[in-house]
Amino acid sequence: MTDILIRAGSFIAIIFLGYFLRRIGVFKKEDFHLLSKIVMRITLPAALVCSFAGRELEYSMLLLSLLSLAFGLFMIAAACLLNRRWGRDAQAFAIVNMAGFNIGNFVLPFAQGFLGPVAVMAVSVFDVGNSFICLGGAYGVACMVKESGKKFSFRPIFRALFRSVPFITLMCMLLLALLHLSLPSPVLEFAGIISGANAFLSMLMVGVGFELSGDRTQLGAIVRTLLPKYLFGVVMSIVCFRFLPMPLAYRQALAILFFAPIPSAAPAFTADMGGDYGLASAANSIAILVSIVAIVITLLLVI
């Protein structure tokens, strides 16, 4: 337990280091986007390559992708129903900010640091279904709800997915694992060196981008967004860990996955549809704090 708390404290310290360095001017707010590009296009793909290296993937594991997709669709429906009395704008905001998880930049480093490569692979497979929700699916539904009569289209969803380096890397590694093929040793060695920086840069990026910008009058909207997300997360975490007939490493990964914060793209999607970007940023920042506490507690219980 001591080792877990020390490592978790180190992760939290890196987040606060990023925030502190931004406050004293070492980083600017705009540097978040540079760090995000490094993580999303270099270190995260390398971590995905290493997590699949030398491992064979059973077709049954693809059920994890279906589970994340089904839960994302459920959360879209829940967001719409729970916010009906507050109008279409509130429904659209909740859909974008409740559905989907920030896995690649947030949960994956925890899995990498605490649970090992098998759990990282489970997290990565789960993220396939999640990607369809948080990289365009929820946004498409939200636009349809917000602008009554607007037709839903899959085209922007697939355009966003196939421009995503982590998604393309993940799909390639999934295909190789299903075909029982592996990459050459020099490629894996190169990826291993880069992936070692992923956890540090991901947590530093979260700290640099951390910001609470919503005013107090918006507290109700934040509570309506985050409370159902984490309540359903608690239920799914318990059910998956205790009752799914899967190896322990997979169930441990699922136990922390459902406490992942709001997708990092949610504030941008909120702005694109004319929503309250400040509110979305505030909800995202609060979700990060809640998720850190929830994931650390869950790790203490499942390891």
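General remarks:
- Selected residue (criterion: least open to solvent (accessible area, probe 1.4 Å)) from residues of the stretch 252-268 that are in a loop (DSSP other than H, G, I, E, B) and more than 17 Å from residue 231 (Cβ to Cβ): 263
- Pair list, Cβ < 6 Å and 6+ apart or interchain, from the stretch 233-251 residues that are under 22 Å from residue 99 (Cβ atoms) and open to solvent by less than 50 Å² (accessible area, probe 1.4 Å) to residues that are in a loop (DSSP other than H, G, I, E, B) and among the aromatic types (Phe, Trp, Tyr): 233/258; 233/259; 236/258; 237/258
- Filtered residue count, the stretch 169-190, keeping only those that are assigned to a helix (DSSP H, G or I) and exposed (fewer than 14 other Cβ atoms within 10 Å of the Cβ): 5
- Checking residue 121 against (1) in contact with a Phe, Trp or Tyr (Cβ under 9 Å, 6 or more places away or on another chain); (2) open to solvent by 10 Å² or more (accessible area, probe 1.4 Å), the condition it does not meet: (2)
- Entirely in the stretch 1-89, the helices (runs of 4 or more DSSP H) that have 3 or more residues that are aliphatic (A, V, I, L, M) and either touching a strand residue (DSSP E or B) at 6+ places or on another chain (Cβ under 9 Å) or without any contact (Cβ under 8 Å) to a residue 24 or more places away in the chain (or both): 63-82
- Residue 59 being in contact with a Phe, Trp or Tyr (Cβ under 6 Å, 6 or more places away or on another chain) and open to solvent by 50 Å² or more (accessible area, probe 1.4 Å): no
- Residue 133 being outside any loop (DSSP other than H, G, I, E, B) and open to solvent by less than 20 Å² (accessible area, probe 1.4 Å): yes
- Only one of 290, 208 that is within 19 Å of residue 15 (Cα to Cα), open to solvent by less than 50 Å² (accessible area, probe 1.4 Å), touching a residue at least 24 places away in the same chain (Cβ under 8 Å) and assigned to a helix (DSSP H, G or I): 208
- Among the residues listed as 92, 53, the single one being in contact with a Cys (Cβ under 8 Å, 6 or more places away or on another chain), surrounded by 15 or more Cβ atoms within 10 Å (Cβ to Cβ) and of a type in the set (A, V, I, L, M, F, W, C): 92
The values are calculated or read from the model by the stated rules, or taken from the named source; none is laboratory data. Nothing here was measured: the structure is a model prediction, and the numbers come from that model. Note that we place each Cβ from the backbone using ideal geometry, even for glycine, and neighbour counts take in every protein chain shown. Note: areas computed on protein heavy atoms with side chains; ligands, DNA, RNA excluded. Shrake-Rupley method; radii C 1.70, N 1.55, O 1.52, S 1.80 Å.
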